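The values are calculated or read from the model by the stated rules, or taken from the named source; none is laboratory data. Worth saying up front: this structure is predicted, and the values here are computed from it rather than measured. Here the Cβ is made from the backbone with ideal geometry for all residues, glycine too, and neighbour counts use every protein chain on show. Ligands, DNA and RNA are excluded from the accessible area calculation, which covers all protein heavy atoms including side chains. Shrake-Rupley method; radii C 1.70, N 1.55, O 1.52, S 1.80 Å.
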Amino acid sequence: MRALVIFESMFGGTQTVAQAIASGVSAAVGESAEVEVLEVSSAPTQVPADVDLLIVGAPTHAFGLSRPNTRDEAAKKTDEPLVSTGDGIREWLAATSLPAGQRATAFDTRMAHPKAIVKFDHANHSIEKALRKLGAEIVCAPEKFTVVDVTGPLAEGEQARAEAWGSTIATSWQG
């Protein structure tokens with residue numbers, strides 16, 4: 001099985017989740033797994049036909065995928081170097097083509113919000129919608145992972161939950 005985990009991350013939380021998901025996929029599939037984690041600027045815009053599973057994730061900015069202006073605002077919140085400094089998942093999805101029937105799913109990171117706000121769109125739903133538009137077969141509902149504050153860290157237990165989710169995706173996909 002070959003899986004590709006593509007992420008956008010400003011402060012490192014989404015990157016940590018992507019790596020944990022990849023670890024879970026690898027653990028579930030075993031030695032036959034080839035799981036690659038790529039920051040969005042390194043991701044191919046033509047997903048190779050031999051990718052069995054595509055997992056795409058991003059931080060939630062203003063209730064959706066980041067835009068240049070939300071990335072600029074995020075950059076002002078830290079003196080530390082950013083993980084993703086160029087185009088984000090929104091731009092990557094707009095430029096990408098997938099093999100017919102590509103199996104895929106999505107995730108995001110976000111702060112905990114009151115229930116009324118949770119009803120708004122979030123990055124994972126935008127990613128899923130774009131993947132469907134590109135012809136992907138969605139293998140499971142998108143997942144969300146919580147950060148404590150805008151710049152992180154992940155909430156307690158979220159890294160382990162991301163690894164377990166990766167394992168669940170791989171196990172259910174394999175049948």
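Figures for the structure shown
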quantity	calculated
Surface accessible to a 1.4 Å probe, per residue, for the residues of the chain, Å²	48 Å²
Under 5 Å, built H, 5+ apart or other chain: amide partners of Phe145	Asp108, Thr109, Arg110
Share, in percent, of DSSP beta bridges within segment 1-106 that are antiparallel, nearest 5	5 percent
Under 5 Å, built H, 5+ apart or other chain: amide partners of Leu38	Val5, Ile6, Phe7
C-alpha center-to-center spacing [segment 131-175, segment 1-65] in angstrom	10 Å
Length-normalised contact order of the chain in % [C-alpha pairs under 8 Å, at least 6 apart]	32 percent
Per-residue ³J(HN,Hα) for segment 124-135, Karplus 6.51 cos²θ - 1.76 cosθ + 1.60, θ = phi - 60°, Hz, x for Gly and Pro	5, 5, 5, 5, 4, 4, 5, 4, 4, 4, 7, x
Debye, to nearest 20: dipole size of segment 1-159, +1 on Lys, Arg Cβ, -1 on Asp, Glu Cβ	640 debye
Rh (Kirkwood; distinct C-alpha pairs) - segment 1-152, Å	15.5 Å
Whole-Hz couplings from phi, Karplus 6.51/-1.76/1.60, listed for segment 10-21; x for Gly and Pro	8, 10, x, x, 5, 5, 4, 5, 4, 5, 5, 4
In order through segment 158-170: 3J(HN,Hα) via Karplus (6.51 cos²θ - 1.76 cosθ + 1.60), integer Hz, x for Gly, Pro	6, 5, 5, 5, 5, 5, 5, 5, x, 5, 5, 4, 5
Long-range HN-HN contacts of Leu82 with modeled amide H, under 5 Å	none
Count, lysine Cα pairs under 24 Å in the chain, 8 or more residues apart or across chains	8
Debye log10 I(q)/I(0) for segment 1-64, one point scatterer per Cα, at q = 0.12, 0.13, 0.21 Å⁻¹	-0.30, -0.35, -0.83
